[in-house]
Amino acid sequence: MNDLRDVFHRPLRSLRVSVTDRCNMRCRYCMPQAEYVWLPRDSILTFEEIDRLLGIFVGLGVVKLRLTGGEPLLRHDLPALVSRLTRHPLTDSALTTNGVLLARYAAPLREAGLDRVTVSLDTLRPERMVAFARSARHSEVLEGIEAATRVGFTRIKLNTVVIRGFNDDEIVDVLEYARTRGLEARFIEYMDVGGATGWSMDQVVSQREILEIISRRYGRVDPVGRMGAAPAEQFALADGTTFGVVASTTAPFCRTCDRARLTADGTWLLCLYTESGLDLRELLRTGASDADIAARVAETWRARTDRGAEERASLGDRGVLYPLEGLRADPRREMHTRGG
Ligand code: SAM
Ligand code: SF4
Ligand code: SF4
């Protein structure tokens, strides 16, 4: 395996590819505005371009792929892309989706060779989803989760961003929903990423609080550790049920981060918090060879010092990452453009 390392000796193993910046929901922690500046259509990477880049990344050590967005299922013919990408020698291929269109795509995605799906489910109450994500399609999300199970996906995860005053009273309900269906709940602290223009520390429900709430209901909660470089820390209930907590805000873990991100228009970002990245689309479209692109990527990774979440956590007075004008000036700073 290629042993490319960054300045902190972290390997490059995982690539998150945003396939579109569009979304059919408007979660308040990600896309709170009424209007957005979208990436120009002709700048969006084609399937051939994504496939070619993945091949180059695999040559540099990437073994894990996650497709994300925006809402990845809005990308036309996504299963066709998946079947191309899963031909590469990966150990894991996954998709993060809001689930609205999953009932329709679960079977073709599985047939295309996708290994896993993660569905974002912040609430079990349809009216809360209307208020918080401007979507009345809650029943479709639940149907999507059922369809994913039915067509044979295993290790399905549910992502729940916990926000004080919105869904912190549903932690146990979501865990029960997951537990009784053999799914794995992952509770995510509200992060001050680009796009989260309404973020404030008092809305963050910390990992410690999440664990207290869970142990009040279930008794002892045991830490199980972290699966390799995964962002979630794993915990187990006495009956063996496991769940994860992503404590990126109060207890970030950049030390082993082996992830990088590709925006839908081909900007390669070394960290969720980074301001700018390497323009791979430009290289692709100006005739650079695979070897040239691999050399630029390798050189960039070797110089990587990013530890965005840890740096944010060390700030005394913490506010939003970018003011609105900063986001409008460069839509690649948005969470829905760089993918979660
Ligand atoms: N649209 C898909 C979805 O929602 O699953 C994929 C893209 S979304 C950007 C990926 C993940 O990022 C979701 O699980 C979402 O909850 C998470 N996310 C977005 N904004 C966040 C924030 N401010 N704090 C924590 N997680 C966030
Ligand atoms: Fe919500 Fe995902 Fe859409 Fe962001 S990209 S608004 S998290 S569904
Ligand atoms: Fe990795 Fe950046 Fe997230 Fe830290 S903040 S875990 S370096 S992506």
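The length gained by stretching the chain between ARG220 and ASP92 to full extension, at 0.36 nm per residue less their Cα-Cα distance, is 42.9 nm.
Listed by Cβ neighbour count within 10 Å, with the fewest neighbours leading, HIS76, HIS88, HIS138, HIS336 appear as HIS76, HIS88, HIS138, HIS336.
Multiplying the residue separation of TRP38 and ASP77 by 0.36 nm and removing their Cα-Cα distance gives an extension gain of 12.0 nm. Compute the acute angle (0 to 90°) between the alpha-carbon long axis of helix 138-150 and the principal axis of greatest extent of the alpha-carbon atoms of the chain; round to the nearest 10°. So the helix axis and the longest Cα principal axis differ by about 70 degrees. Here the chain is treated as an ellipsoid with the same Cα gyration tensor; its semi-axes, largest first and in whole Å, are 30, 23, 21.
Under the 0.36 nm per residue contour assumption, what length would be gained going from the current alpha-carbon distance of GLU146 and ASP51 to full extension? Gain on extension, GLU146 to ASP51, equals 31.2 nm.
Highest mean first, the peptides 42-51, 94-103, 252-261, 237-246 sorted by other C-beta atoms within 10 Å per residue fall in the order 94-103, 252-261, 237-246, 42-51. Site pair ARG155 and GLU282 shows an inter-label distance of 3.7 nm when each label is modelled 7 Å from Cα along Cα→Cβ.
Tell me which trypsin sites (Lys or Arg not before Pro) from the range 180-244 have a DSSP coil assignment and no more than 16 other beta carbons within 10 Å of their own. Of the trypsin sites (Lys or Arg not before Pro), the ones in loops of the range 180-244 whose Cβ has at most 16 other Cβ atoms within 10 Å are ARG181, ARG220. For the listed peptides 291-304, 113-126, a ranking on the average number of other beta carbons within 10 Å per residue, highest first, reads 113-126, 291-304. Consider a paramagnetic label point 7 Å from the Cα of MET201 along Cα→Cβ; state which residues of the range 304-329 have an amide N under 17 Å from it. Output list for this probe position: 309-322. Of PHE8, PHE153, PHE187, the sequence from fewest to most neighbouring Cβ atoms within 10 angstrom is PHE8, PHE153, PHE187.
Given R0 = 45 Å, the distance between the Cβ atoms of ARG26 and GLU310 translates into a calculated FRET efficiency of 0.90.
Semi-axes of the equivalent ellipsoid for the range 75-196, computed as √(5λ) from the eigenvalues of its C-alpha gyration tensor and ordered from largest down, come to 26, 15, 14 Å.
Read-outs throughout are calculated quantities, based only on the coordinates presented, and are distinct from any laboratory measurement. Since we're looking at a predicted model, the values are computed, not measured. Glycine also receives a Cβ, built like all others from the backbone with ideal geometry; neighbour counts cover every protein chain displayed.
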